[in-house]
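The values are calculated or read from the model by the stated rules, or taken from the named source; none is laboratory data. Just so it is clear, the model here is predicted, and its values are computed rather than measured. Virtual Cβ from ideal backbone geometry, glycine too; neighbours counted across all protein chains shown. Calculation scope for accessible area: heavy atoms of the full protein, side chains included, ligands and nucleic acids excluded. Shrake-Rupley method; radii C 1.70, N 1.55, O 1.52, S 1.80 Å.
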Amino acid sequence: MKAALNTGITGQLLEKGVKLISGDLIDENSLIRALEATEAEEVYNLGAQSFVPASWDQPILTGEITALGVTRLLEAIRIVNPKIRFYQASSSEMFGKVQESPQTEKTPFYPRSPYGVAKAYGHWITVNYRESYDMFAVSGILFNHESPRRGLEFVTRKVTHGVACIKAGLQKELRMGNLEAKRDWGFAGDYVRAMWLMLQQKTPDDFVIATGETHPVREMCEIAFSRAGMDYKDYVVQDKKFFRPAEVHTLTGDAGKARRVLGWKPEVDFKGLINMMVDADIDEVDRQVKNGSLSPRK
Ligand code: G4F
């Protein structure tokens, strides 16, 4: 049985046959009950307070969920069935103020936000349970991964949805933060395949998952607006409100180990990814305008 622990927001686009079970990374007993009810063989922990700016507003909540939540889940596995294979969603945000480039599994962490610090804890507690209890527990150090299902607060989707809204006459401009920040962006579908591969190996290990290409936010805006026949310079406005107290300026991953050991490589390139997201948002906004749930400005 495929089961997803519903720790808050119910996804609108769940695959048929997936059963949602209520639970919370703050509530140990709910995790134990979910593992017992599903007789899970593999657990993928993608649960987190995952929006970096929110982690400065709610650093303690972020630590409770994104850091200690991992220990609660590992403890629940140890109690119910220590043979369960565990995947922890570690993050390139742990590299923060990067100590070398590109970043590999051996690059030291220097997180730049309460979120990054919490993820570093989650990463090391996973390593520690593997070494302390001989559990099959692995971390995927995933660089930014995006798709049309991305939340609207993250930069790629904010831009692609903004493009669709501007094209439909629903808004006139797009207010953004630091356009010079650079990220290594890949397609979430490719990255989920890597997560699954990690749990099918003979021995547990940690892997960087990335494309190895880095692009500035500005270039992402350029591609997204031009897909809809517009020039981003006519619509994008920088606003101090969206700058962060401490920025991660640039991230580039080296997924050489994943390529060698897992046979993994990404199939969607950067431009293909942004175009896919713009096309999906244009279709979705059109549909909402037609059914009256969104109306153009007079
Ligand atoms: O899309 P973002 O909010 O993603 P961020 O902070 O890199 O984190 C994402 O990827 C991580 C993997 O490395 C995950 F662990 C994490 O959970 C999340 O999924 O911002 C990307 C960059 C930043 O440098 C930000 O300053 O875009 C810059 N940016 C510029 N203007 C903006 C904006 N980000 C957002 N969200 N909104 C803006 O208006």
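What the table below lists for this structure:
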{"read-out": "Within the stretch 77-96, considering residues that are among the charged types (D, E, K, R) and over 19 Å from the mean Cα position of the chain (by Cα), the one nearest to ASP27 (Cα to Cα)", "value": "ARG78"}
{"read-out": "Residue in the stretch 193-210 that is among the hydroxyl-bearing types (Ser, Thr, Tyr) and either in contact (Cβ under 8 Å) with a residue 12 or more places away in the chain or in contact with a helix residue (DSSP H, G or I) (Cβ under 6 Å, 6 or more places away or on another chain) (or both) present", "value": "no"}
{"read-out": "All positions within the stretch 33-50 that are over 15 Å from ASN81 (Cα atoms) and surrounded by fewer than 19 Cβ atoms within 10 Å (Cβ to Cβ)", "value": "LEU46"}
{"read-out": "The stretch 230-270, residues that are in a helix (DSSP H, G or I) and of a type in the set (D, E, K, R)", "value": "LYS233, ASP234, LYS240, LYS241, LYS257, ARG259, ARG260"}
{"read-out": "Test set (1) more than 9 Å from the ligand (Cβ to nearest atom); (2) open to solvent by 60 Å² or more (accessible area, probe 1.4 Å); (3) not aromatic (Phe, Trp, Tyr) - THR252 fails condition number", "value": "(2)"}
{"read-out": "Test: residue in the stretch 138-152 that is crowded, with 19+ Cβ neighbours inside 10 Å and either away from the ligand (no atom under 16 Å from the Cβ) or over 25 Å from VAL268 (Cβ atoms) (or both)", "value": "yes"}
{"read-out": "Residue in the stretch 224-245 that is within 26 Å of GLN103 (Cβ to Cβ), more than 9 Å from the ligand (Cβ to nearest atom) and surrounded by fewer than 16 Cβ atoms within 10 Å (Cβ to Cβ) present", "value": "yes"}
{"read-out": "Test set (1) open to solvent by 30 Å² or more (accessible area, probe 1.4 Å); (2) closer than 18 Å to ARG150 by Cβ - ARG260 fails condition number", "value": "(2)"}
{"read-out": "Out of VAL192, VAL217, sole residue that is within 21 Å of ARG149 (Cα to Cα), open to solvent by 50 Å² or more (accessible area, probe 1.4 Å), within 16 Å of the ligand (Cβ to nearest atom) and under 17 Å from the mean Cα position of the chain (by Cα)", "value": "VAL192"}
{"read-out": "Test: residue in the stretch 87-108 that is open to solvent by 50 Å² or more (accessible area, probe 1.4 Å), within 13 Å of the ligand (Cβ to nearest atom) and either more than 19 Å from GLY256 (Cβ to Cβ) or in contact (Cβ under 8 Å) with a residue 60 or more places away in the chain (or both)", "value": "yes"}
{"read-out": "Residue in the stretch 271-290 that is outside any helix (DSSP H, G or I), open to solvent by 60 Å² or more (accessible area, probe 1.4 Å) and more than 25 Å from GLU42 (Cβ to Cβ) present", "value": "no"}
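Here is a yes/no grid of residues against (1) of a type in the set (Val, Ile, Thr); (2) farther than 26 Å from HIS161 by Cα; (3) within 23 Å of the chain's Cα centre (by Cα):
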| residue | (1), (2), (3) |
| --- | --- |
| LEU179 | no, no, yes |
| GLY186 | no, no, yes |
| ASP206 | no, yes, yes |
| PHE243 | no, no, yes |
| GLY253 | no, yes, yes |
| ASP269 | no, no, yes |
| ASN275 | no, no, yes |
| ASP279 | no, no, yes |
| GLN288 | no, no, no |
